[in-house]
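What follows is one structure encoded as structure tokens, with my remarks underneath.
The values are calculated or read from the model by the stated rules, or taken from the named source; none is laboratory data. In this text, all values refer to a predicted model and were calculated from it rather than measured experimentally. Here the Cβ positions follow ideal geometry from the backbone for every residue, glycine too, while neighbour counts run over all protein chains shown.
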Amino acid sequence: MSALDRHFILGYGSLINGESRAKTGETGKVWPVKLHGFERHWSVMSVEYGMSSVAVIHAPEKTCNGVLVEVPYDQFPLFDEREKGYQRAVIDAKQLTTYQDHPLPEGTYWVYHTDDVIEPHHECPIALSYLDVILSGCLEHGDDFAQDFLTLTKGWTSPLLNDRKAPRYPRVQPELPTERLNTLLAPVTTLSIKELSVTYES
């Protein structure tokens, strides 16, 4: 396969999580990276689920972290459907730096972005069921990567809902151990550890 035939999606939210990606379509190898020229925000993207999502917008001099995921081009319609409401655009290899010293593969790189940020509100808060999936995906790439997700995301003062007992996120992972996630979240959330510690119930 030539480089021209290889396609990659930059995942910066739930697509960081391997199990979550697998619920949408077939994917290949993953490279943890930083994306330059975009900033990640909490934004109202999922009104039908009553929750907010992360989105990136063009922002010179800004950075966010994520994973570059190889995706067969015939799987793109599945990911486009998952990321409905976002725009898919090509990004340049020069906009990426790696966490490891491994060279990035040649091919076409894509990112789902938005032009505007709509701040979360009480009817569409940040939902823990979604955030848990993202953070557990970040931990697949180490503590530093997870900390970078928290640091490089704007909007943590927005309303946050512990919906672990009644998840709003459609691709929830109810089996996740939340103790470690609670510790990571404590510095950035308005919820206390006690409020964070409600576990999932099937």
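In this structure, is T183 modelled with pLDDT under 95 and either aliphatic (A, V, I, L, M) or surrounded by fewer than 19 Cβ atoms within 10 Å (Cβ to Cβ) (or both)?
Details: modelled with pLDDT under 95: yes; either aliphatic (A, V, I, L, M) or surrounded by fewer than 19 Cβ atoms within 10 Å (Cβ to Cβ) (or both): yes.
Against the criterion (modelled with pLDDT under 95 and either aliphatic (A, V, I, L, M) or surrounded by fewer than 19 Cβ atoms within 10 Å (Cβ to Cβ) (or both)), T183 qualifies.
Going through the stretch 1-60 one residue at a time, which ones are among the polar types (S, T, N, Q) and touching a residue at least 40 places away in the same chain (Cβ under 8 Å)? Reasoning before the result, please.
In the first step, residues of the stretch 1-60 are kept if they are among the polar types (S, T, N, Q); the result is 2, 14, 17, 20, 24, 27, 43, 46, 52-53.
Within the stretch 1-60, S14, N17, S20, T24, T27, S43, S46, S52, S53 meet the criteria.
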If we scan the stretch 160-168, do we find a residue that is more than 21 Å from V56 (Cβ to Cβ), of a type outside the set (A, V, I, L, M, F, W, C) and surrounded by fewer than 15 Cβ atoms within 10 Å (Cβ to Cβ)? yes
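What number of residues within the stretch 156-202 satisfy the criterion of being small (G, A, S) and touching a Leu at 6+ places or on another chain (Cβ under 8 Å)?
Initial filter on the stretch 156-202 (small (G, A, S)): 158, 166, 186, 192, 197, 202.
Then drop every residue that is not touching a Leu at 6+ places or on another chain (Cβ under 8 Å), which leaves 186.
Qualifying residue count, the stretch 156-202: 1.
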Report whether or not V67 is under 22 Å from Q147 (Cα atoms), surrounded by 13 or more Cβ atoms within 10 Å (Cβ to Cβ) and not charged (D, E, K, R). yes
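Would you mind stating whether R21 is outside any strand (DSSP E or B) and at negative phi?
On the way: outside any strand (DSSP E or B): yes; at negative phi: yes.
Yes.
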If you check I134 against the conditions, is it surrounded by 13 or more Cβ atoms within 10 Å (Cβ to Cβ), under 26 Å from K34 (Cα atoms) and more than 15 Å from the chain's Cα centre (by Cα)? no
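Looking at the stretch 169-184, which of its residues are part of a loop (DSSP other than H, G, I, E, B) and more than 16 Å from the chain's Cα centre (by Cα)? Step through it out loud before you land on a result.
First, the residues of the stretch 169-184 that are part of a loop (DSSP other than H, G, I, E, B): 169-178.
Correct list: P174, E175, L176, P177, T178.
Just the residues that are among the small types (G, A, S), at pLDDT 95 or above, assigned to a strand (DSSP E or B) and farther than 25 Å from Y73 by Cβ, please, taken from the stretch 24-50.
Within the stretch 24-50, the subset among the small types (G, A, S) is 25, 28, 37, 43, 46, 50.
Applying the additional criterion that residues be at pLDDT 95 or above yields 25, 28, 37, 43, 50.
Pick out the ones that are also assigned to a strand (DSSP E or B) and you get 37, 43.
Residue satisfying the conditions is S43 alone.
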Take the conditions in contact (Cβ under 8 Å) with a residue 24 or more places away in the chain, on the phi > 0 side of the Ramachandran plot and touching a helix residue (DSSP H, G or I) at 6+ places or on another chain (Cβ under 6 Å) and apply them to G137. Does it pass? no
So, in the stretch 59-94, how many residues would count as being out of contact with any Phe, Trp or Tyr (no Cβ under 8 Å at 6 or more places or on another chain), over 12 Å from Y112 (Cα atoms) and not aliphatic (A, V, I, L, M)? 8
